[in-house]
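Notes to accompany the following structure.
Laboratory data are not the source of any read-out in this text; all were calculated from the coordinates shown. Since the structure is predicted, the reported quantities are computational estimates derived from the model, not experimental observations. FYI the Cβ positions are ideal-geometry reconstructions off the backbone, even for glycines, and counts take in every protein chain you see.
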Ligand SMILES: [Zn+2]
């Protein structure tokens, strides 16, 4: 019974999943085998739909956890994930948050992903990493990519901390408030 329910709910979401429709035959397949079959076909359908979309993500051959999530520390993997999902705090990426996209570290160029990983004079590096590399299925040097992003975030926090302290020191009390 539950097997059939699973199939119906799948169909109701609009999947054409190459699955048997005859309920008698489904019963003969057996619960576990049917469950595995549904999971497999739904996975294939999701993958097919994903690869059909016009996105900046490369074509995927299978659904599953990316290698970097298995190999890197959780902290590093989170940073790389944010870079791939484009949720990291870079002005050129979060244009909806910042009117000014000038780099907060060097103040010279647009603060975009390429600037942070390859150009900014405040970030140490010895070689170029192509921006497309971030989205690659097998990122060549994930540690170095994460290190540069991390250096940017750390230096930015330090700089913002300093400027907050400066502002506190430089607070000017209006004359009017002294006389009242
Ligand atoms: Zn810069």
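Quick look at the values:
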| item | result |
| --- | --- |
| Extension gain (nm, one decimal) between residue 22 and residue 135, 0.36 nm per residue minus Cα-Cα | 36.4 nm |
| FRET E, pair residue 47, residue 94, Förster distance 30 Å, beta-carbon r, rounded to 0.05 | 0.50 |
| Proportion of all alpha-carbon pairs of the stretch 67-161 beyond 16 Å (%) | 53 |
| Those residues of the stretch 117-161 whose amide nitrogen sits under 18 Å from the label point placed on residue 57, 7 Å along Cα→Cβ | 132-139 |
